[in-house]
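Written out below as structure tokens is the structure these notes cover.
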Ligand code: COA
């Protein structure tokens with residue numbers, strides 16, 4: 001299944017799919033999972049991190065969204081820094097140019113695993129690693145439910161908890177950091193039988209990390225020149 005990379009640069013090409021995915025998120029997280037803090041009258045699940053820094057990987061069947069996930073570079077405000085910093089109370093918040101936060105992975109119910117082999121969810125996971133390697137993100141930080149850990153360890157991911165297991169509403173959650181490297185991507189493809197190169201890039205070449213570094217260097221330079229003379 002092609003997984004499209006959608007950033008601020010090319011989101012004008014995916015207006016309909018971005019809207020579809022907000023509505024799917026509402027159906028999954030609010031209607032099904034009852035994360036009622038995310039409820040909105042317009043029946044779109046959108047939070048403060050769906051901003052210009054958000055990056056979406058959306059699995060599209062034709063023009064229909066069937067799965068996906070979201071990334072936010074940790075140099076910007078993100079879920080763990082703003083809402084759940086206590087989940088990183090042991091190892092500390094993972095923040096840096098090369099660290100990206102991962103949230104909101106989903107697959108529509110009809111495309112979920114049927115126990116017969118690799119799933120669309122596995123393709124999204126492999127697509128995430130492919131994306132990070134292309135962009136230069138070497139770590140993924142995530143607030144997750146504990147059921148994920150054995151799944152990741154089983155496919156060879158190098159995942160370390162950042163703090164204690166914490167009850168959030170009715171869920172047992174953890175802050176985790178995952179190392180990204182080529183070996184992990186290859187192992188994920190092999191163990192879960194995922195084809196190579198699942199990502200599709202329309203008008204968005206890799207370069208997010210270098211853009212972030214340049215932007216911050218510009219800000220630093222303008223700050224230091226304010227006092228000269
Ligand atoms: N709590 C505990 N276990 C869960 C779970 C949850 N919230 N969600 C999924 N699982 C388990 C399933 O029970 C299943 O276990 P099994 O293999 O022992 O039967 C396994 O994870 C695979 O899940 P399944 O939904 O069958 O298939 P999948 O791998 O194709 O999809 C998700 C996984 C998470 C993408 C899909 O379940 C989904 O979209 N869920 C809703 C969105 C969501 O909750 N995302 C995570 C938080 S952002």
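The values are calculated or read from the model by the stated rules, or taken from the named source; none is laboratory data. Note that the structure is predicted; figures quoted are calculated from it, not measured. Note: ideal-geometry Cβ built from the backbone for every residue, glycine included; neighbour counts use all protein chains shown.
Key figures for this structure:
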read-out	value
Residues within segment 118-137 that are crowded, with 18+ Cβ neighbours inside 10 Å and in a loop (DSSP other than H, G, I, E, B), tallied	2
Any hit, segment 145-158, residues being closer than 16 Å to residue 79 by Cα and modelled with pLDDT of 95 or more	yes
Wholly enclosed strands (runs of 3 or more DSSP E) of segment 150-195 bearing at least 3 residues touching a residue at least 24 places away in the same chain (Cβ under 8 Å) and away from the ligand (no atom under 16 Å from the Cβ)	158-161
So residue 57, is it touching a residue at least 12 places away in the same chain (Cβ under 8 Å), touching a strand residue (DSSP E or B) at 6+ places or on another chain (Cβ under 6 Å) and crowded, with 17+ Cβ neighbours inside 10 Å	yes
Residue among 108, 140 that alone is surrounded by fewer than 19 Cβ atoms within 10 Å (Cβ to Cβ) and either in contact (Cβ under 8 Å) with a residue 24 or more places away in the chain or within 19 Å of residue 60 (Cα to Cα) (or both)	108
Residues (closer than 28 Å to residue 168 by Cα, touching a residue at least 60 places away in the same chain (Cβ under 8 Å) and in contact with a helix residue (DSSP H, G or I) (Cβ under 7 Å, 6 or more places away or on another chain)) located in segment 112-136	120, 125, 126
Boolean, residue 220 is out of contact with any helix residue (DSSP H, G or I) (no Cβ under 7 Å at 6 or more places or on another chain) and surrounded by 12 or more Cβ atoms within 10 Å (Cβ to Cβ)	no
Test: residue 93 is touching a strand residue (DSSP E or B) at 6+ places or on another chain (Cβ under 6 Å) and within 19 Å of residue 159 (Cα to Cα)	no
Among residues of segment 125-149, those that are farther than 16 Å from residue 99 by Cα, within 12 Å of the ligand (Cβ to nearest atom) and in contact with a strand residue (DSSP E or B) (Cβ under 7 Å, 6 or more places away or on another chain), counted	4
Test set (1) modelled with pLDDT of 95 or more; (2) within 16 Å of the ligand (Cβ to nearest atom) - residue 2 fails condition number	(2)
